[in-house]
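**Student:** Following this message is one structure expressed as structure tokens.
The values are calculated or read from the model by the stated rules, or taken from the named source; none is laboratory data. Since the structure is predicted, the reported quantities are computational estimates derived from the model, not experimental observations. So basically every Cβ, Gly included, is an ideal-geometry build from the backbone, and we count neighbours across all protein chains shown. In case anyone asks, the SASA skips ligands and DNA or RNA and just uses the protein heavy atoms, side chains included. Shrake-Rupley method; radii C 1.70, N 1.55, O 1.52, S 1.80 Å.
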Amino acid sequence: MRNPYLSFLLVTRWASVIVALMYHVRFLLFVDYEHVHAKTWLMNVFYFLTGLGHESFAVFLVLDGILTGRALRAGTIPGRRAVALCGLLVPGLVLGAAADIAGVRFFNGSGLYTAYPAFSTLTLGYASLLGNMFMLQPFVVPTFGSNGMLYLLSFLFWSIILLDVFLRATRAGRVVLLTAVVVLAPPLFLIWSAIWLTGVAVAHMGTLRRARPPLPVAIVGFLATLLLSRFLGAGVHGPPAFGAWLVDCRFLLVGWGFAAIAWALAPPGAQYTTVPDDPAPAFTFFFHFPVMMLLVGIGTTLPGQALMQQPTPARYGAFVAVAAACVGTTVLVARAARPGKAQRQAALPWPGAGHS
């Protein structure tokens, strides 16, 4: 029987994937909140939930860190997982390239691929493709195609590599490595890597029963970080002394808030239960963007509709249809490109397996 805590991790992981997807779809199909004509309470809830995109990124990385930490306790080597992670990259890049090429050639009537550089910049050159194959985005090359989510895939990959090197290094080597990373790495990488490492820490602190927060306190704290993040994301800054820093790190605060819930729920002891691996959640998270772009391009070009319209029942229906089609497409591709048994064992718990 599956452990309830593991079920919580896997269900919330899929939930974070769906929220991230809804966040992107809503930006293309609906006008911004301030331009909505009739603001109802239901519409307010919809915009709030679909506005938690980056917050869902933080939750996803914390969950991945927890699964990674549990795998480390079971003896899995992080470097092997990083290599297996690259197995998701090739089918993802192929899917993205095919969707972007078809979209820009045949379904760009609304200007989706060319008129909104602030939302997505299309880069289909060989240099970008090669750089992304070596996980050099966004450090050296831009993310490939329209898929802006690839920067998080690279951040996760290098976080795993650095953790593996850190665990193998001597004490002096660890000091040198940490110093070099803090000095040389971009601030954005440090923030998202710290979010992922928070999850790794939760997996190792699960046995500390006295130190863990009460669940009600953890839930309230997480909700508070969500509200604070949305407050800061709306352009409202805190006091000048630390307001800018807080804005940059609001997703780290969200990650810590969710990690507190996961820590409060973690069962005591070191009980491990093998779970059948499933690449679908991670593949959908990292590679839904070009699929979504193509579907929206088809839905706007063929009937001659505009992007970003007022909320209507028909528009909500289109929103659900695009989101469902994105999940269905990425799940099918992920299952079809599923690695062999040896690669899946090397990748535990990535991208969907783990121990409890």
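**Student:** Considering only region 136-164, state which residues are touching a strand residue (DSSP E or B) at 6+ places or on another chain (Cβ under 9 Å), of a type in the set (A, V, I, L, M, F, W, C) and open to solvent by less than 20 Å² (accessible area, probe 1.4 Å).
**Tutor:** F144
**Student:** Sticking with this structure for a sec: Please specify each residue of region 161-180 satisfying the condition of being among the hydrophobic types (A, V, I, L, M, F, W, C) and within 22 Å of the chain's Cα centre (by Cα). Walk me through how you get there before you give the answer.
**Tutor:** Of all residues in region 161-180, those among the hydrophobic types (A, V, I, L, M, F, W, C) come to 161-163, 165-167, 169, 172, 175-178, 180.
I161, L162, L163, listed by residue number.
**Student:** Separate question: Would you point out which residue out of V94, V104, V83 is surrounded by fewer than 20 Cβ atoms within 10 Å (Cβ to Cβ), of a type in the set (V, I, T) and farther than 30 Å from Q305 by Cα?
**Tutor:** Working: V94 fails: farther than 30 Å from Q305 by Cα; V104 fails: farther than 30 Å from Q305 by Cα.
Residue meeting the stated conditions: V83.
**Student:** Quick one: which of A194, A201 is at pLDDT 95 or above, within 21 Å of F60 (Cα to Cα), in a helix (DSSP H, G or I) and open to solvent by 10 Å² or more (accessible area, probe 1.4 Å)? Explain how you work it out, then say what you get.
**Tutor:** Working: A201 fails: at pLDDT 95 or above.
The match here is A194.
**Student:** May I ask you to verify whether V25 is assigned to a helix (DSSP H, G or I), of a type in the set (A, V, I, L, M, F, W, C) and farther than 19 Å from V254 by Cβ? Reasoning before the result, please.
**Tutor:** On the way: assigned to a helix (DSSP H, G or I): yes; of a type in the set (A, V, I, L, M, F, W, C): yes; farther than 19 Å from V254 by Cβ: yes.
Against the criterion (assigned to a helix (DSSP H, G or I), of a type in the set (A, V, I, L, M, F, W, C) and farther than 19 Å from V254 by Cβ), V25 qualifies.
**Student:** Okay, next question. From V11, V45, V19, grab the single residue that is free of Cβ contacts under 8 Å to residues at least 12 places away in the same chain, within 26 Å of N147 (Cβ to Cβ) and out of contact with any Cys (no Cβ under 8 Å at 6 or more places or on another chain).
**Tutor:** V11
**Student:** Can you find a residue that is under 20 Å from L88 (Cβ atoms), without any contact (Cβ under 8 Å) to a residue 40 or more places away in the chain, assigned to a helix (DSSP H, G or I) and small (G, A, S) anywhere in region 158-169? Walk me through how you get there before you give the answer.
**Tutor:** Step one: of region 158-169, the residues under 20 Å from L88 (Cβ atoms) are 158-164.
In the following step, the residues that additionally are without any contact (Cβ under 8 Å) to a residue 40 or more places away in the chain were identified as 158-159, 162.
Within this subset, residues satisfying the condition of being assigned to a helix (DSSP H, G or I) are 158-159, 162.
When the remaining residues are screened for being small (G, A, S), the result is 159.
Yes, the conditions are met somewhere in region 158-169.
**Student:** Further, regarding this structure: With A74, A99 as the choices, which residue is farther than 20 Å from S154 by Cα, at pLDDT below 90 and among the hydrophobic types (A, V, I, L, M, F, W, C)?
**Tutor:** Details: A99 fails: at pLDDT below 90.
After applying the criteria, what remains is A74.
**Student:** Let me ask something additional. Take I66 and decide whether it is open to solvent by less than 10 Å² (accessible area, probe 1.4 Å) and either free of Cβ contacts under 8 Å to residues at least 24 places away in the same chain or of a type outside the set (D, E) (or both). Step through it out loud before you land on a result.
**Tutor:** On the way: open to solvent by less than 10 Å² (accessible area, probe 1.4 Å): yes; either free of Cβ contacts under 8 Å to residues at least 24 places away in the same chain or of a type outside the set (D, E) (or both): yes.
So I66 passes the test.
**Student:** From the list G103, G131, exactly one residue is more than 27 Å from A234 (Cα to Cα) and without any contact (Cβ under 8 Å) to a residue 60 or more places away in the chain. Which is it? Even if it seems obvious, please write down each step before you answer.
**Tutor:** Numbers: G103 fails: without any contact (Cβ under 8 Å) to a residue 60 or more places away in the chain.
Only one candidate qualifies: G131.
**Student:** Tell me which residues, restricted to region 97-153, are of a type in the set (S, T, N, Q), under 17 Å from F287 (Cα atoms) and not in a helix (DSSP H, G or I). Break it down into steps so the answer makes sense when it comes.
**Tutor:** Of all residues in region 97-153, those of a type in the set (S, T, N, Q) come to 108, 110, 114, 120-121, 123, 128, 132, 137, 143, 146-147.
Still in the list and also under 17 Å from F287 (Cα atoms): 120-121, 123, 128, 132, 137, 143, 146-147.
Across region 97-153, the qualifying residues are S120, T121, T123, Q137, T143, S146, N147.
**Student:** Mind checking which residues of region 207-220 are of a type outside the set (K, R) and either over 10 Å from A264 (Cβ atoms) or surrounded by fewer than 18 Cβ atoms within 10 Å (Cβ to Cβ) (or both)?
**Tutor:** First pass over region 207-220, keeping only residues of a type outside the set (K, R): 207-208, 211, 213-220.
Scanning region 207-220 gives T207, L208, A211, P213, P214, L215, P216, V217, I219, V220.
**Student:** Within region 17-46, how many residues are open to solvent by less than 10 Å² (accessible area, probe 1.4 Å) and not aliphatic (A, V, I, L, M)?
**Tutor:** Adding up the residues that qualify gives 1.
**Student:** Something else: Can you find a residue in region 52-67 that is in a helix (DSSP H, G or I), among the aliphatic types (A, V, I, L, M) and either in contact with a strand residue (DSSP E or B) (Cβ under 7 Å, 6 or more places away or on another chain) or closer than 16 Å to V291 by Cα (or both)? Break it down into steps so the answer makes sense when it comes.
**Tutor:** Taking region 52-67 as the starting set, the residues that turn out to be in a helix (DSSP H, G or I) are 53-67.
The next check asks that each one be among the aliphatic types (A, V, I, L, M); those that pass are 58-59, 61-63, 66-67.
Add one more test, that the residue is either in contact with a strand residue (DSSP E or B) (Cβ under 7 Å, 6 or more places away or on another chain) or closer than 16 Å to V291 by Cα (or both), and what stays is none.
Among the residues of region 52-67, not one is in a helix (DSSP H, G or I), among the aliphatic types (A, V, I, L, M) and either in contact with a strand residue (DSSP E or B) (Cβ under 7 Å, 6 or more places away or on another chain) or closer than 16 Å to V291 by Cα (or both), which makes the answer no.
**Student:** Which ranges mark the helices (runs of 4 or more DSSP H) fully within region 248-352 that have 2 or more residues being surrounded by 15 or more Cβ atoms within 10 Å (Cβ to Cβ) and at pLDDT 75 or above? Talk me through it step by step, then tell me what you get.
**Tutor:** Values: elements: 250-265, 280-301, 313-336, 341-347.
In region 248-352, 250-265, 280-301, 313-336 are the helices (runs of 4 or more DSSP H) which contain 2 or more residues that are surrounded by 15 or more Cβ atoms within 10 Å (Cβ to Cβ) and at pLDDT 75 or above.
**Student:** Follow-up question, since we're still on this one. Scanning region 1-14 for residues that are under 20 Å from the mean Cα position of the chain (by Cα) and more than 20 Å from P290 (Cα to Cα), which turns out most open to solvent (accessible area, probe 1.4 Å)? I'd like the intermediate steps shown before the answer.
**Tutor:** Within region 1-14, the subset under 20 Å from the mean Cα position of the chain (by Cα) is 6-14.
Add one more test, that the residue is more than 20 Å from P290 (Cα to Cα), and what stays is 6-13.
Numbers: L6: 1, S7: 38, F8: 50, L9: 3, L10: 31, V11: 100, T12: 28, R13: 4 Å².
Across region 1-14, the extreme among qualifying residues is V11.
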